[in-house]
1. Could you compute the FRET efficiency for residue A:63 and residue A:7, with r as their C-beta to C-beta distance and R0 at 41 Å, rounded to 0.05?
2. Among bridges DSSP assigns within segment B:9-105, what percent are antiparallel (round to 5)?
3. Output the peptides A:301-309, A:185-193 sorted from most to least packed, where packing is the average of other Cβ atoms within 10 Å over each peptide's residues.
4. Highest mean first, how do A:317-329, A:256-268 rank when packing is the count of other Cβ atoms within 10 Å averaged over residues?
5. Whole percent per 5 Å bin, from 0 to the bin with the longest distance: what is P(r) over all C-alpha pairs of segment B:3-102?
6. Within the protein assembly as shown, what percent of beta bridges assigned by DSSP are antiparallel, to the nearest 5?
7. Rank-order A:68-80, B:49-61 by packing density, defined as the average count of other C-beta atoms within 10 Å over each peptide's residues, highest first.
8. As I understand it, the value is the acute angle between the Cα axis of helix A:302-316 and the longest principal axis of the Cα atoms of chain A; what does it come to in degrees, rounded to 10?
């Protein structure tokens, strides 16, 4: 390797000193790339340069030759930095791979597709701002034509939020036969979260059960941004009533259940606060503008509607949404 | 926009801190570092939020952490001078029911 390096470098120097051609400089660049691939440190290069030069100019003044010793010492630090950089690049690739695996696992925590239920159309979209999401949603079959829906926002982003999400998912899976309705679910999740998460972490959640026979939606919220009820008959919205502390702050919390009746075409619109707090041209989207956005898409099937709404937000936010976005719509069939 | 946290008054058992600027995912750790030791040293921590321009949920997380830490030792956290936006955030999250809030001084 050393003799090959010496020979190639000697050819380069000789050719350049004799002819001063531009393409020799280009060849030097290529050679430098090759040397980095071969992990030849910069101090080695200085030493080769000195040897080549001494051969080319036998009368090279002693001082010039000796000065290369100083240059060589100077280059050692750069060589160390280069090796450190290479090891960091390698470590980063490993981390990227781990995150990629985690992203895939996180996807498996969410339902594959919204449930199909006679008499109710369900649409949902959830897009993380970065790689991992702090938003969570789930559907739970309550039997007897009743569907449970959960939408949660885990405060904090990235990996800690994702870990917390898996806890919520498994805690919900433990509630095999959810009894006690929406308030019972929130109360039990609260005690799990309160015992198991860091003090500055908390979770907002809305949990509701749609009863197909009675066309009612019974829900309770734990500090979650209130959703809306869309009324088909006059194309209007009602704010959902909410009351209740976020999950994970205090023990022994009780929640309150509210009930709304859906007429044909009416819809329950739930979302995470990343939606209303999206900054479009420097301003928050806000609840009123979000209502306009929903209204403009209610002529579509609900799944298409939520996807189009997200796309619209994404474009208006200049393709830069800083928080996770989740929108879920449950619409009674017309 | 930066965050500043300054001590206003202090006694053996209580301290009042003035928080100004934006509390978000980037600045919340600074607030946590200042606040958490105080919750272990004092009985009452007053936070004047009059000049907070923006607080997101990460900031709320810090307030909740301080509240829990104080409560664990029988102390209390008091928030002063909140903007309409911040009041709404605390109301939605149900925190107004457990954290003491006083009008701006």
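1. Numbers: r = 27 Å, r/R0 = 0.66.
So the FRET efficiency works out to roughly 0.90.
2. Details: 2 of 19 bridges.
Antiparallel: roughly 10 percent of the beta bridges in segment B:9-105.
3. Values: A:301-309: 18.3, A:185-193: 21.6.
Per-residue Cβ counts within 10 Å, averaged per peptide and sorted highest first, yield A:185-193, A:301-309.
4. On the way: A:317-329: 19.6, A:256-268: 16.7.
The packing order, highest mean first, is A:317-329, A:256-268.
5. Once binned at 5 Å, the Cα pair distances of segment B:3-102 give 3, 14, 27, 29, 20, 7, 1.
6. Values: 59 of 76 bridges.
Expressed as a percentage, antiparallel bridges in the protein assembly as shown total about 80.
7. Working: A:68-80: 13.5, B:49-61: 20.0.
Output ranking for A:68-80, B:49-61: B:49-61, A:68-80.
8. Long axis of A:302-316 versus the principal axis of chain A: about 50 degrees.
Just so you know, all these numbers are worked out from the coordinates, no wet-lab data involved. Because the structure is a prediction, the values reported are computed rather than measured. Backbone-built Cβ (ideal geometry, glycine too); neighbour counts: all protein chains shown.
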